[in-house]
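Each reported figure results from applying straightforward, stated rules to the coordinates on display, with no laboratory input. All figures in this text were calculated on a predicted structure; none of them were measured in a lab. Counting neighbours? That spans all protein chains shown, and the Cβs are built from the backbone with ideal geometry, glycine included.
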Amino acid sequence: MRTLRLALSLLALPPAALTAACASGTATPTAEVRELLDRRQITDLVDRLGRALDEGRFDDLRTIYTADATAKTPGGTAEGRAALIAQASRNHRADQRIQHVIGNVLIDPRGDAADVRANLIATFAPAATDGTIPQPQYTLGEVYRFDAVRTEEGWRLSRVETTPIWSTGTRP
């Protein structure tokens, strides 16, 4: 029970605070704490990916992906971080509003690497110019699969592949 309480309290900490707590003093984090921290940092990458795509913050992808990352999505295949950023920019245009809802993030850690699976629902709507809230035109349900690796800069995604499961509407 004590371990469960500790784990729950650690999950509530922001990643930076948990990292600092683990790095401070002479204490070495236990394997369980290290794994919790790794899982939190990897989940944060997936969350930041959704925000970057939603808000058109494509330069943020530089801190999410490795330099040699690859992507295979309905929007195309890309190799290298610069190509991923170009693909994301092309597929997430300013005349559209796209919301990425990512959940059920499952992480299978393997030391300095991890397999990650998540569900994605992406909803596409035209950008409104008159202040109204636009109606969605297209919604896509997919499974995200990522490879994550620990780098000198922290965890990064080195591969993303999506598998469309269902859709409704007409893709813009």
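Toward the positive end of the charge dipole of the stretch 45-172, with +1 on the Cβ of Lys and Arg and -1 on the Cβ of Asp and Glu, the farthest Cα among Thr162, Leu45, Gly111 is that of Thr162. You can think of it this way: the chain between Asp54 and Glu79 has 6.8 nm of extra reach, that is 0.36 nm per residue less the Cα-Cα gap. If you plug the beta carbon distance of Ala31 and Asn104 into 1/(1 + (r/R0)^6) with R0 = 25 Å, you get a FRET efficiency near 0.50.
Report the net charge of residues surrounding Glu79, where surrounding means a beta-carbon distance below 11 angstrom and charges are Lys +1, Arg +1, Asp -1, Glu -1. Computed value for this residue: +2. For the pair Thr151 and Tyr138 in one chain, pulling the backbone fully straight at 0.36 nm per residue adds 1.0 nm over the alpha carbon distance. Considering only alpha-carbon pairs that sit under 8 angstrom and 6 or more positions apart, the relative contact order computed for the stretch 89-170 is 24 percent.
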